[in-house]
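Only one structure is covered here, and it is reproduced in the block below.
Read-outs throughout are calculated quantities, based only on the coordinates presented, and are distinct from any laboratory measurement. If you're wondering where the values come from, they're calculated on a predicted model, not measured in any experiment. With ideal geometry, Cβ positions are generated from the backbone for all residues, glycine too; neighbour counts draw on all protein chains shown.
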Amino acid sequence: MSLTLILEQSLNGLQFGLMLFLLAAGLTLVFGIMDMINLAHGSLYMVGAFLAATLVQATGSFTLGVLLSIPATAVVGMLLEISVLRTLYARDHLSQVLATFALILIINEVVRMIWGSDMPLSAPAALSGPVQLLPGMPYSAYRLLIIGVGLAVAVLLYFVVAKTRIGMLVRAGASNREMALAMGVDIKKLFTLVFGFGAGLCAIAGALLAPIFAVQVGMGENILILAFVVIVIGGIGSIRGALVGSILVGMVDTMGRAFMPAILREVLTPAFASAAGPALASILIYVLMAGVLFWRPQGLFPARG
Amino acid sequence: MRKPLAATVARSFAVVAASLFVAGTASAADKLKIGFITTLSGPNAAIGVDIRDAFNLALKLNGGKLGGLPVQMEIGDDQFKPEVGKQLAEKYVRLDKVDILTGIVFSNILLASVPEAFNARIPYVSPNAAPSPLAGKQCNPWFFVTSWPNDAFHEAAGKHATDKGYKSTYLIAPNYQAGKDSLAGFKRYYKGKVSEEVYTKLGQLDYSAELAQVRAARPEALYIFLPGGMGVNFIKQFVGAGLSKDIQLITPGFGSDQDVIRGVGEPMLGLFDTSHWALDLDNATNRKFVAEFEKEYKRLPAVFAAQSYDAALMIDAAVKSIKGKVEDKEALRRALKGAKFESTHGPFKLNTNQYPIQNYYLRVVGKDSQGRIVNKTIATVFKDHGDAYAHECGMK
């Protein structure tokens, strides 16, 4: 187990974690501020990817297409909030889960009607090769781009949430909604804004991950589960928690897939290790979540003291 | 008042259902009903689309008939989910009362769905999935294969790697029946060192962690069994990670056929694979199939399409030999077993377990005279090759 291998796997984990963060950040804000469980968050990720694929085709430029898909998805998100989700805030969580689950099914079919079941979207040719990161360690240029964008968005998000007036209102809403209301915050407008913002982050994740995964109907459901794991680990409503949680999940998932079979082979028979390794690696993040819930039921960085 | 109303409704439904049932059975002999379950959505849809299109092409070239009977197709998308495949099989067998079931791409979906056909004594003609359990002890008289036993391409690939003298090979396959069959097949004929054997989640699309492990292991060759979208993503990421310069990638034939080439493009050039079929196999059936397929669908067929075309030819030959009397299920079964026809890879021959016996070829991805990226046949790896399980099968 060489150092370059561990370094490369760390980069892989970081790349996956940062993309999870983009999803989890929006989800945790909506959950924390509006006390709303939005299962349809993954659908916005899918819509973002489809919009990006369409816009990249239309403009002929990967960068332009991805950039345009962000406001476009934010608009879709805000329309969704104004038309449907707004009426759900006052309901209990069960109604929210049922209603937003219905939204997943509806949006899946609408996307299928508009675009068909999948769309092609490849990384730009300039980034499809490797970059020599260290001697003996080339790394995919496109994955480096994802890491760069992910870090930039995380910094930007921190700045917005910690240093701006909007961010202050968001934090106020997350830590004590009633008090924020009582202080005269226009909660309606704030909610729509936060929702649109979350949708924009979804679009970034959807568009950037598309060349690594695939742009297809139903792509949001699998990753949504991971995003929920992240916000449970990080603490609901906390951006910092979402960041730590995502990188933790990204690292544990990648390292598990990479090293679990080898570790098991040391202690068990090879036949059993090769059968149990992949299975164990895929449940590792849930074990992590269970552990966090056991010792810190509020998550690692709870938004509410 | 409520009860009588409900009773009336129920009774009228029963009457309608009964009349439909009577109508259904009365018209059974004048057409051939085929239930077609395949994967038509998601990243692996290209395979199912090829299988469906090739079957439809055979039908069209035959004037909408197979064995002289007009064909009624019931096509369903299993969405790459075993439970959906099983539901479709139940529907086609019990409700639509199909005469023959076919179409499934993936072994896990097949294993979930075929018992429905076996229990109802309906033949299943497999245009792709041919898992090892059904080749050996659990072989079934109602199960026919026009593709190749799950292990076969991989056995040929293992033989090729041995012949080439690769000292170490890294193996990757999805964690499901066909994945395990594939690596078992490769290892059966590979004499070098297996540097690592990795099973990934079926349907996984991001291979960053696995690729880093491959780089660290420094094998001479890398063998992957990753059909459909999994392979497209893997090969792109393999090239993206800069591994293609140092490690020779080998795949089974379907792992680098037209569906994958369409998705990946130029980086595929120079890759070796093994298959029982190729675009350039020189026989009358294949020349007609390739030309007509390209004319009809404006793309080149992948190996899946050839298998499905063969499935249609097999059904055609069988139904013809019993003069369209498909309501006699036992006769239909025997006719399928004895079906004689010229397939896309020459005369078709079944083993005792009703899996084919055929040649396997080494192919290389290169450019043809029109500059298109295609597979070219360069050598024969196995002649008249069966499978390692047939002797466990009790059928004669």
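List of remarks:
- Rounded to 10°, Cα long-axis angle of helix B:45-61 versus longest principal axis of chain B: 60 degrees
- Order by protection proxy (mean Cβ within 10 Å, highest first), peptides A:28-35, A:51-58, B:389-396: A:28-35, A:51-58, B:389-396
- With all projection directions averaged, the alpha carbon convex hull of the range B:75-140 covers 3.9 nm².
- With R₀ set to 25 Å, the beta-carbon distance separating A:Arg86 from A:Glu221 gives a calculated FRET efficiency near 0.60.
- Centre-to-centre, using Cα atoms only, the range B:341-396 and the range A:164-230 are separated by 53 Å.
- Scanning the protein assembly as shown for cysteines with no neighbouring cysteine C-beta under 4.7 angstrom from their C-beta gives A:Cys202.
- Three-way shape call for the range B:234-376 based on the alpha-carbon gyration tensor, with the a/c threshold at 1.5: prolate
- In chain A, the longest principal axis of the Cα atoms and the axis of helix A:93-115 are about 70 degrees apart.
- Hypothetical label at A:Phe294: residues of the range A:223-248 whose amide nitrogen lies under 17 Å (7 Å Cα-Cβ projection): A:233
- With contacts taken as Cα pairs under 8 Å and at least 6 residues apart, the range A:167-271 reaches a relative contact order of 16 percent.
- Note on the range A:95-145: Rg/Rh from C-alpha atoms, Kirkwood Rh, equals 1.34.
- Peptide B:335-343 has a mean shielding of 0, counted as Cβ atoms of other protein chains within 10 Å of each residue's Cβ.
- Each 20 Å bin from zero up to the one holding the largest Cα-Cα distance in chain B carries the following percent of pairs: 28, 55, 14, 3, 0.
- Computed Rg/Rh of the range A:27-160, alpha carbon atoms with Kirkwood Rh: 1.05
- Value of D in µm² per second that Stokes-Einstein yields for the range A:148-246, Kirkwood Rh from Cα pairs, at 37 °C (0.692 mPa s): 220 µm²/s
- Amide N of the range B:139-163 lying under 13 Å from the label point, which is placed 7 angstrom from the Cα of B:Ala379 along Cα→Cβ: B:156-163
- Cα Rg over Rh - the protein assembly as shown, Kirkwood: 1.01
- As a rough guide to protection, the peptides B:233-241, B:138-146, A:86-94, B:116-124 ranked by mean Cβ packing within 10 Å, highest first, stand as B:233-241, B:138-146, B:116-124, A:86-94.
- Square roots of five times the Cα gyration tensor eigenvalues for chain A, Å: 32, 25, 19
- Degrees separating the helix B:177-189 axis from the principal Cα axis of chain B, which is the longest one: 40 degrees
- Among the listed pairs B:Lys245/B:Lys367; B:Lys320/B:Lys383; B:Lys86/B:Lys320; B:Lys33/B:Lys323; B:Lys65/B:Lys367; B:Lys180/B:Lys337, a Cα-Cα separation exceeding 25 Å is found for B:Lys320/B:Lys383; B:Lys86/B:Lys320; B:Lys65/B:Lys367; B:Lys180/B:Lys337.
- Seen through its C-alpha gyration tensor, with square-root eigenvalues sorted a ≥ b ≥ c, the range A:216-258 comes out oblate because a/c lies at 1.5 or above while a/b is not bigger than b/c.
- Its relative contact order, with pairs defined as Cα atoms under 8 Å and 6+ residues apart, puts chain B at 18 percent.
- Counts of other chain beta carbons within 10 angstrom of each beta carbon in peptide B:207-218 average 6.
- Full-stretch length increase - B:Glu342, B:Asp163 - with 0.36 nm per residue and alpha-carbon distance subtracted: 61.3 nm
- Chain A, helix-only ellipticity at 222 nm - DSSP H runs n ≥ 4, -39,500 (n - 2.57), divided by all residues, nearest 500: -26000 deg cm²/dmol
- Qualifying trypsin sites (Lys or Arg not before Pro) in the range B:246-341, DSSP loop, other Cβ atoms within 10 Å at most 16: B:Lys298, B:Arg299, B:Lys323, B:Lys325, B:Lys340
- Remark: spin-label model distance A:Asp186-A:Leu284 equals 4.8 nm, labels positioned 7 Å along the Cα→Cβ axis.
- Taken over the range A:176-215, the percentage of Cα pairs per 10 Å bin, counting from 0 up to the bin with the maximum distance, is 27, 31, 22, 15, 6.
- All C-alpha pair distances within the range B:117-217, sorted into 10 Å bins from zero, spread as 14, 36, 31, 14, 4, 0 percent across the bins.
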